[in-house]
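Notes follow once the structure below has been shown.
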Amino acid sequence: MDEQLFGEKSDRRDFIRRSASLALAFPAAGSWMSSGLKTTGSMETGKSIIGQYGPWAISRQPRIPKLSFRNNEWKDIEAWRNKALTQTEELLAPPESDFTPKVTVVRKYEYDGLSVEELRWQLPYGRPTEAVLLKPANARGKLPGILGLHDHGGNKYFGYRKITQVSDNPHPLMKEHTEHYYEGKAWANEIAKRGYVVLVHDTFTFGSRRVYYEDMLPIPWGEAKTDGQPGGDPEKTENIEAYNRWAGGHEHIMAKSLFCAGTTWPGVFMSEDRIALNILAAREDVDARNLGCGGLSGGGLRTVYLAGLDHRVKCCVCVGFMSTWKDFSLHKSYTHTWMTYTPLLPNYLDFPEILGLRTPLPTMVLNDNEDSLYTLPEMKEADRILSEVFKKAGASDRYQCNFYPGPHKFDLAMQKDAFAWFDKWLKA
């Protein structure tokens, strides 16, 4: 299956196209590509990606989960939120995040009208985190802060470089990535120019935080042809593509190991993103009362968990990652990364209700009608659920969901709406 998905003979554009078709994940071992399953047909016939087990699996989930604010038993929003946050945090089992590590400024310069700081910090585990901070070059005083959350894209070699540009010569794969998903614009740069301090960091298993093959015990499949190769060039395109094929296949191992260690992938993401938020909030040039976060795809997933559980995030924009547990269970789990799931959480909250934990804080969700990662009916159902939650809280004006034509992306029209949402709530 590796060869089917990321063939050695693929050129760079074909690699990006293939990665885009998966968008978030390299699927676990299996032969779904040859199964002949079509999602549209499955919805029409009642079939599912787990065959006759589909109706049984989905029947195990309550129509309205136990800790949904939609339940009639919940009248007091604070009592509900406290209970739901406690339960969700327990299931996520995140590593400690209530600290701010020492941050080293590696390099500082100006580019494209922006002040750029290349940063580094060390967490209690793994290699150092690398990040970039952007703000207008002529900025004075405190500005609102935004944590830019990079995507997955089937590409773990890169992290913050996916949504930033700090030179006239980005890596060719990142140039194609930006053109494909973001209509040619590094969105973190673009919103920084509007008067924000924007921090973008590599998260767990991406970029500087990726798993290095040289650090591992041997495992029974092909080597990652990068990292630690004597005299090799890890930035060489074919080495990056080889690494990404290997890292995709390694993902199920990491997920199982995290479960055995008593934590979850979303929990680790949330912890690392919280620490980055600590760093952003502690800066003298940032107004910590006006913090936002957002991102596409894997960045949208991270937005769901971070903004849902950390209410220092006053305003958020989740792009290209919103549906229901039903959609994942019956139709689309094969298109998604192991990074998505928190065991047992569906018994307490539907997926959109994780983000709904932040009610009544301003929340925007942007969807693409032809996004192959989800079914359109379940994206609309997720919108209905969040609308109901915000309405019950008396905060309908603080929730907005938009649908756009086209496939999985965060194009200029979507960026325009997202930036206006941030301006409305963080600059008022």
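The values are calculated or read from the model by the stated rules, or taken from the named source; none is laboratory data. Since this is a predicted model, take the numbers as computed values, not measurements. Methodologically, a virtual Cβ is constructed for each residue, glycine included, from the backbone with ideal geometry; neighbour enumeration extends over all protein chains shown.
All but one of (1) assigned to a helix (DSSP H, G or I); (2) modelled with pLDDT of 95 or more; (3) among the hydroxyl-bearing types (Ser, Thr, Tyr) hold for Thr342; which doesn't?
Result: Thr342 fails condition (1) only.
Quick one: in the stretch 92-124, of everything that is more than 22 Å from the chain's Cα centre (by Cα) and of a type in the set (Gly, Ala, Ser), which residue is surrounded by the most Cβ atoms within 10 Å (Cβ to Cβ)?
Once the filter is applied, the top-ranked residue is Ser115.
Please list, ordered by first then second residue, the pairs with beta carbon atoms under 6 Å, 6 or more apart or interchain, first in the stretch 124-150 and more than 18 Å from Leu291 (Cβ to Cβ), second of a type in the set (Asp, Glu) and part of a loop (DSSP other than H, G, I, E, B).
Thr129/Asp202; Glu130/Asp202
Considering only residues of the stretch 69-105 that are in contact with a Lys or Arg (Cβ under 9 Å, 6 or more places away or on another chain) and among the aromatic types (Phe, Trp, Tyr), which is farthest from Ala255 (Cα to Cα)?
The extreme case among them is Trp74.
Any residue that is farther than 20 Å from Leu143 by Cβ, surrounded by fewer than 24 Cβ atoms within 10 Å (Cβ to Cβ), under 20 Å from the mean Cα position of the chain (by Cα) and modelled with pLDDT of 95 or more - is there at least one of those in the stretch 284-306?
no
Scan the stretch 121-150 for residues that are out of contact with any Pro (no Cβ under 9 Å at 6 or more places or on another chain), closer than 16 Å to Ala276 by Cα and part of a loop (DSSP other than H, G, I, E, B) and jot them down.
Within the stretch 121-150, Gly126, Arg127, Pro128, Leu149, His150 qualify.
Which ones in the stretch 299-336 are farther than 21 Å from Leu376 by Cβ and in contact with a Gly (Cβ under 9 Å, 6 or more places away or on another chain)?
If the condition is that a residue be farther than 21 Å from Leu376 by Cβ and in contact with a Gly (Cβ under 9 Å, 6 or more places away or on another chain), then Gly299, Arg302, Tyr305, Ala307, Gly308, Val313, Lys314, Cys315, Cys316 are the ones that fit.
Taking the stated definitions as given, is Ser396 modelled with pLDDT of 95 or more, of a type in the set (Gly, Ala, Ser), under 17 Å from the mean Cα position of the chain (by Cα) and more than 17 Å from Cys318 (Cβ to Cβ)?
When the stated conditions are applied, Ser396 does not pass them.
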